[in-house]
Amino acid sequence: MILLRGGDPWGHAPGSDVLVREGTIAAIGPGLAADGAETVDVTGRLVLPGLVDAHCHLDKTLYGGPWVPHTAGDALADRIGAERRTRAAHGVPDPGRIAALLETMVAGGTSHVRSHTDISPELGLSGVEAVREAVGRLAGRVEVEQVAFPQYGLVSNPGTAELLDEALAAGVENVGGIDPAGFDGDPVRHLDIVFDLAARHGAGIDIHLHDGGSLGAWQIGLIADRTKAAGLAGKVTISHAYALGQLDDAQAGALAERLAEAGVNVIIAAVYSFPVPPIKRLRAAGVNVACGHDGIRDLWGPYGSGDMLERAMHVAYRSTFRRDSDIEVALDAATYGGARALGLAAYGLAPGAPADLVVVPARTPAEAVVTHPPRELVLKGAGWWLAPGR
Ligand SMILES: [Zn+2]
């Protein structure tokens, strides 16, 4: 047993203890008795649930290796082309680099990850296997699910659909998509394939949608309608959904209602200056919002740290959140929102949930997001306990 004594668990009374028994939260409250428990005084510290990176690309990462100068042009097609041409020469995917990144993510308190893994005829399932090998090296310290991701096209890249099918048959949890109209050129056929694969394998769906303006908005509505027709509430996600950040309030609100009714999640990264969906508008309509890093130190871009508190800060900043209660919304996206998007059965600061806990030197959730201070303690269920600096 472990007793975190006197901290401020998010959502509970200040000065509450957290009792952990066999990797599960047994109780939260002031003055808990716990004879024989290993006690850690966390007075004045904020206790958070494990952080959830709901959208990243582990297989692409160059993390931990030598610096790779970026030379690609500014267009999306330039980045895709540069990656495709040079990835083999840079040894992508590399289980060692993926494991190095996961080590950093875990040390930052991330307990759950959803990673989009490139699949194409030239790559086969090499990315899926590399991610699995890396996750195995972490030995239970983080839970990772994958999305079979047609990065280089689906309808426009013959042979990819069959490989997605193979990946799902081999246990990959979700099927992905990418700009069904703007990149793949056939939105109806693209979504036919994705929704059919999900139905046949009982998989989740997570579609990259960078298409903006009316083209993007139309596809968001299309995905909502298909989700509703297929009865897949909670199992479908639109990642990025830039168009939502470009519409006026009435248009965004109407789409948000459709997404909420269908049960479609929205996952944002808030990277660079790309449009950010209106998080509070979406939540007010009942849409679940999560967040993630997107690429971390890869051939698409040199940025990204793996720290989900820092990512929540970017989400809050790009959303122009200043009030503490608003900044806390960004933290919700990096924790409970992510857990809902991933469909985690048990999660959070509540008795019965796995003891995935992060202790930080901050007094409030907003302070933790803005300062994203060093993690003092990270617990991941039973048997693993990171205590840097103690
Ligand atoms: Zn992505």
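Read the figures in this text as sums done on the coordinates, not as results from a lab. Since this is a predicted model, take the numbers as computed values, not measurements. Glycine also receives a Cβ, built like all others from the backbone with ideal geometry; neighbour counts cover every protein chain displayed.
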- request: Quick one: among 314, 12, 210, which has the greatest mean-square fluctuation in a GNM of the chain with alpha-carbon springs under 10 angstrom?
  value: 12
- line: For the stretch 116-187, listing GluC sites (Glu not before Pro) in a DSSP loop whose Cβ sees at most 16 other Cβ atoms within 10 Å gives 122
statement: With +1 at each Lys and Arg Cβ and -1 at each Asp and Glu Cβ, the charge dipole magnitude of the chain around its Cα centre, to the nearest 20 debye, comes out at 540
task: Would you mind finding the longest exposed-site-free stretch of the chain, with exposed chymotrypsin sites (Phe, Trp or Tyr not before Pro) meaning DSSP loop and at most 11 other Cβ atoms within 10 Å?
output: 68-271
- prompt: Which ³J(HN,Hα) values in Hz, rounded to whole numbers, follow from the phi angles of the stretch 369-375 under the Karplus curve 6.51 cos²θ - 1.76 cosθ + 1.60, where θ = phi - 60° and Gly and Pro get x?
  reply: 6, 5, 8, 5, x, x, 7
message: Through the Karplus equation 6.51 cos²θ - 1.76 cosθ + 1.60, θ set to phi - 60°, convert the phi angles of the stretch 308-316 into ³J(HN,Hα) values in whole Hz; use x for Gly and Pro.
response: 6, 5, 5, 5, 4, 4, 4, 4, 5
- request: Mind pulling the angle between the C-alpha long axis of helix 76-86 and the longest principal axis of the chain? Nearest 10 degrees, somewhere in 0 to 90.
  value: 80
- request: Starting from the amide H of residue 267, placed 1.01 Å from N in the peptide plane, find each other amide H under 5 Å away whose residue is 5 or more places distant or on another chain.
  value: 238, 239, 240, 290
- prompt: What are the ³J(HN,Hα) values, in whole Hz, obtained from phi via the Karplus relation 6.51 cos²θ - 1.76 cosθ + 1.60 with θ = phi - 60°, for each residue of the stretch 265-277 in sequence order, with x given for Gly and Pro?
  reply: 7, 10, 10, 10, 10, 6, 9, 6, 10, 5, x, 10, x
- prompt: What is the distance, in nm, between label points placed 7 Å from the Cα along the Cα-to-Cβ direction at residue 133 and at residue 74?
  reply: 3.9
query: So between residue 35 and residue 192, what do we pick up on full extension, going 0.36 nm a residue minus the alpha carbon distance?
result: 50.7 nm
- prompt: Are any of the pairs 60/228; 235/380; 228/380 more than 29 Å apart by Cα-Cα distance, and if so, which?
  reply: 60/228; 228/380
Charge-dipole axis of the stretch 259-376 as Lys and Arg at +1 and Asp and Glu at -1 on Cβ define it, positive-most pick from 347, 259, 312: 259
message: Under a crude label model (7 Å from the Cα following the beta-carbon direction), how far is residue 382 from residue 126 in nanometres?
response: 3.9
- line: Dividing the mean separation of Cα pairs under 8 Å (6+ apart) by the residue count of the stretch 1-123 yields a relative contact order in percent of 26
